[in-house]
Structure formats: C-alpha cells, structure tokens
Amino acid sequence: MPYLTPIALLIIALYLISSIKILPEYDRAVIFRLGRVLSTPKGPGLILVFRPIDRMVRISLRLETLEVPAQDVVTRDNVTVKVNAVIFFRVIDPKRAVIQVAKYLYTTSQLAQTSLRSVLGQVELDELLSEREKLNLRLQSLLDQDTEPWGIKVSKVEVKQVDLPEQMIRAIARQAEAEREKRAKIIHAEGEYVAAEKLALAAELIQRQPVAIQLRYLQTLVEIGTEKNTTVVFPLPIDILSAISKALEKVNRGPGGSSNGL
C-alpha cells in the first residue's frame, strides 16, 4: 500500500502532461465533452484536453486554396467547353464548420463544381471569354451564400482556364480575321472620303487661281528630277489639247460645213 501513492501520483502526472495541447495562432480546437460541444472553441496557446472525457477537433483558420477540376460545361449557345477554377476561402466559425457539415473541404469542392456548371451554363461563349471578372464575382457570391451556414467565407473565385474545341478555335480565328478586314476597309474608305474632300477644295482653289496649276507642274518636274532617272516629262496643258481637237473637227467638216469622209 505505501507504494501505491507514488505510482498514483506518477499516473496522474503523466495524465496531466498528456492532456496539455499547444495550438498555434492559426488553429482553433472544437472540444466535445461527453459528446456535447463546448460553447467556445479553445486556442491559441496552451489548452487542456482531458481524454477520454474530451475529444478535440482541430480547425485551421488560414486561407485555403481549392482547385476545382475541369468541368464539361455547355454554354447557352450550345458550345461545349472545359472550364476549371480556383476557390479561396477560410473558416470563420470553427464550431459550425465541425457541427453543420461532415467534411467541409470535400463538401465545398462538390458545391463549387456544381455551381461552376450551373452558372457558366447560363451564359454564352462570348460572355464567358470577355466578361470573366463578372462571372467570378457571381460565382463568389453564390458560393459564399451557400457556405455561410457552415461557417465558411469564400473570399474569391477565379475561372482559371477555358479549353475550347479545335473547330471553335478556328471559327474564332476566322471571325477575328474578318473583323480586322472590316476595320481596314472602313479606315481605307474614310481615308478616300477625306482625300476626295481635300481634292475638291484644291480644285476650287485652282479654279479661282489658274496659275496654281502651273506651279504644280513645276513642282512635279522638280520632284521627278531629284530621282536621277532618264525620263523626260513635258507638261502639256489640257487647254492646248482642247484647241487642237476643235481645229481638227473644223478641218474634217470642210468648207461647206460637212465632214470629209474617207
């Protein structure tokens, strides 16, 4: 009997030592005492867990990154694409994350997959490619609303990659090429319109100042002469051609006013 007291003290000491748990700053402990959860999670720092009366479930409060595997999505315009995404979330209520859901990581992953197919299936392909930020916010709001009863806060959702079929890639390339050709033709037509306006203004100015056409002849000769070629250009006014044409018509008509046929 005298030896029982030190042994009992040793057992009690070992039990107390084994009951000591140290939690880092980012962890919280949800304690179940005799099957009932304590009102407030414990931690961080030094806590006591008296087994087998107490059972501890450790929950991390750090930001979690969850990658949603590629999902086959049929858009509203009946185009099949593969889309994957990344979800950033954290546990804000450890007690609800343990009690309300069995495995919050797995459940959140499955919810993200179904939400991704549901939301992206309601939009067209052009909207999926061009308005990704809007879709990210919509997915984040939907997931945050669904996971809020579990004590989980979804902070951000990013559509990571969109894989298009080969036929659709070629069709988009042809569409982009046609759009570029359309813009080039519009720009060319606008340039021709502006050039026509400037030529009309120049014609009006030359009509008021006929000597300007002679100055243009001389400037053209100077420009041609600086190119060091052997071409000889002789400016011939159009008025001379008109006078020669009228003279030939008079000669052909003859003295009686009738033309001389061959």
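The values are calculated or read from the model by the stated rules, or taken from the named source; none is laboratory data. Since we're looking at a predicted model, the values are computed, not measured. Methodologically, a virtual Cβ is constructed for each residue, glycine included, from the backbone with ideal geometry; neighbour enumeration extends over all protein chains shown.
Things worth noting here:
- Test: residue in segment 66-76 that is part of a helix (DSSP H, G or I) and buried (at least 17 other Cβ atoms within 10 Å of the Cβ): no
- Of the helices (runs of 4 or more DSSP H) lying entirely inside segment 90-137, the ones with 3 or more residues being within 18 Å of the chain's Cα centre (by Cα) are found at 104-120, 125-130.
- Pick from segment 211-248, criterion outside any helix (DSSP H, G or I) and under 60 Å from the mean Cα position of the chain (by Cα), ranking: modelled with the highest pLDDT: Thr226
- Residue in segment 117-130 that is crowded, with 16+ Cβ neighbours inside 10 Å, touching a helix residue (DSSP H, G or I) at 6+ places or on another chain (Cβ under 7 Å) and without any contact (Cβ under 8 Å) to a residue 24 or more places away in the chain present: yes
- Meets criteria (in a helix (DSSP H, G or I) and either among the acidic types (Asp, Glu) or not assigned by TED's automatic domain parsing to the domain that holds Ala29 (or both)) for Gln140: yes
- For segment 10-62, a residue qualifies if it is of a type in the set (A, V, I, L, M, F, W, C), farther than 20 Å from Ile99 by Cα and part of a loop (DSSP other than H, G, I, E, B), and exactly one does: Phe50.
- Residue check, Ile169 more than 30 Å from Lys95 (Cα to Cα) and modelled with pLDDT of 90 or more: no
- Residue in segment 85-97 that is at pLDDT below 95, farther than 28 Å from Gln113 by Cα and not basic (Lys, Arg) present: no
- Among the residues of segment 103-142, those that are among the small types (Gly, Ala, Ser) and closer than 16 Å to Arg76 by Cα comprise Ser115, Ser118, Gly121, Ser130.
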